[in-house]
Amino acid sequence: MSRIRGFHKMTVAERRLKLIEETGATADLTKHMNADTDELTVTADQLVENVIGTYQLPLGIATNLIIDTEQVLVPMVTEESSVIAAVCNGARQCCESGGVQTVHVGVGMIGQIQVTGLSNPHAASVTLHQHTEEIRAICNSCDPRLVELGGGLREVQTRILPASSNSHQLIVHLIVDTLDAMGANAVNTMAEALAPHIEKWSTGKVGLKILSNLADRRVVKASACWTAAAIGGEDVCDAIVRAGEFAQIDPYRAATHNKGIMNGVSAVVQATGNDTRAVEAGAHAYAARSGQYSPLSLWEKDANGNLCGTLELPMAVGIVGGATRVHPTAQMCLEIMKIKSAKRLGSIIAAVGLVQNFSALKALATEGIQRGHMALHAKNVAIAAGAKGTVVDSVAARMIELGTVREDVAIRLLKQ
Ligand code: MEV
């Protein structure tokens, strides 16, 4: 029976005991988790419901990155073996050409208000625009501190979309500069506060009032060049350009191409306590904005035959509010990067995404990813087979020598 009465009211220690009692789990929960009094566990218990502990993932540092002329060490959280190594390699190869440059286009998060039941949505749209200043005042009164710091409502947009059986719905967009916050709370509060006024002015019925994760008014662009000499010659540049073209015309390839980008993006988003799902939803919706799912990056050669890549994606991340503020490890990660603004964080995330994509394409377009990947993955396989300490390395090394990285092989080697 999965229903446990009052689970949310128990302490972490009580929940752990209850869980063992209910599930008969034989695993020693305390062995897999920090003490229930540990700072991370206590914070986790305040962040979400029904906490029994924290889930550990590897946190590593990407080196060699130069972003907008500044060197930066970038914390990344990922379970995938080759992700951090790939960024370090790709970044090293573009150091001499200056690293990655970034630029931000727009600062606005979008809040949506859906209005239905309108006989004349076009006229309602005009009426709403006539109330722009009142809309601004209502939205800004929701977050005076944001306004004091220079943020707040920037623009009101309306869209008329089809609804069921010949009717239309009016969608109001609030474009809000949320400064250094991701902004979901600020925007959702504004949209909810505005809803009754929208109903009054439009004479329609408000349905949803919620942030859009397609944050296409808050986009970051990153670009970088790799000299042909640094990456193994012009043939390699050509092969990477062709790999990019493959993704341009084929959504099946574009999905994998973008997954590689998100390997880097999500790892930094996660490390800083930001909402990985928000950034991922935004990235994929942006990738599909033309109607065909497309790559988030483009690869071309410059006049000297060097490889240049550009990446563009919505960047709804913050350095204040949410888990970024309360998660001690997220705070530490921001400090390591000396982050002072959400824009700088967005620049770093986009740069890592671009470099990650470079490394994946370079490997794919030359020797394939399995050699490098398996060299790292072999350790996982050895651990899964039961290897411990220095034996992990020797079993992994032997599997690579044999050219077979498989758990059954690791088990056989361990027995030997
Ligand atoms: C694996 O996690 C990511 C790649 O598949 C990305 C790509 O194919 O571009 C290697």
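Data for the structure
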{"item": "The chain: relative contact order in percent, alpha carbon pairs under 8 Å with at least 6 residues between", "result": "17"}
{"item": "Once the Cα gyration tensor of the stretch 372-415 is diagonalised, semi-axes √(5λ) in Å", "result": "13, 11, 9"}
{"item": "Two-decimal ratio, the chain, of alpha-carbon radius of gyration to 2.2 N^0.38 Å", "result": "1.15"}
{"item": "0 to 90° range, to nearest 10: angle between helix 234-249 axis and the chain longest Cα axis", "result": "40"}
{"item": "Binned Cα-Cα distances of the stretch 108-212, short to long, each 5 Å bin given as a whole percent", "result": "2, 15, 26, 24, 16, 9, 5, 2, 0, 0"}
{"item": "Residue-averaged 222 nm ellipticity for the chain, from DSSP H runs of 4+ at -39500 (n - 2.57), nearest 500", "result": "-15000 deg cm²/dmol"}
{"item": "Share of Cα-Cα pairs in the stretch 24-142 lying beyond 23 Å, as whole percent", "result": "67"}
{"item": "Förster-model FRET efficiency, 22 Å R0, Thr30 and Glu335, C-beta, rounded to 0.05", "result": "0.15"}
{"item": "Sum of side-chain charges, Ala375 neighbourhood, beta-carbon under 13 Å (Lys, Arg +1; Asp, Glu -1)", "result": "0"}
{"item": "Under 16 Å from Lys209, Cα to Cα: lysines that are on another chain or at least 8 residues apart", "result": "Lys200"}
{"item": "Inter-site label distance for Thr390 and Ile160 at 7 Å from Cα along Cβ, in nm", "result": "7.7"}
{"item": "Across Lys259/Lys388; Lys259/Lys362; Lys9/Lys31; Lys379/Lys415; Lys340/Lys362; Lys221/Lys301, pairs whose alpha-carbon gap is larger than 21 Å", "result": "Lys259/Lys388; Lys9/Lys31; Lys340/Lys362"}
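No value in this document is a laboratory result; all are computed from the given coordinates. All values reported here derive from a predicted model rather than from experimental measurement. Ideal geometry is used to build each Cβ from the backbone, glycine not excepted, and the neighbour counts take in all protein chains shown.
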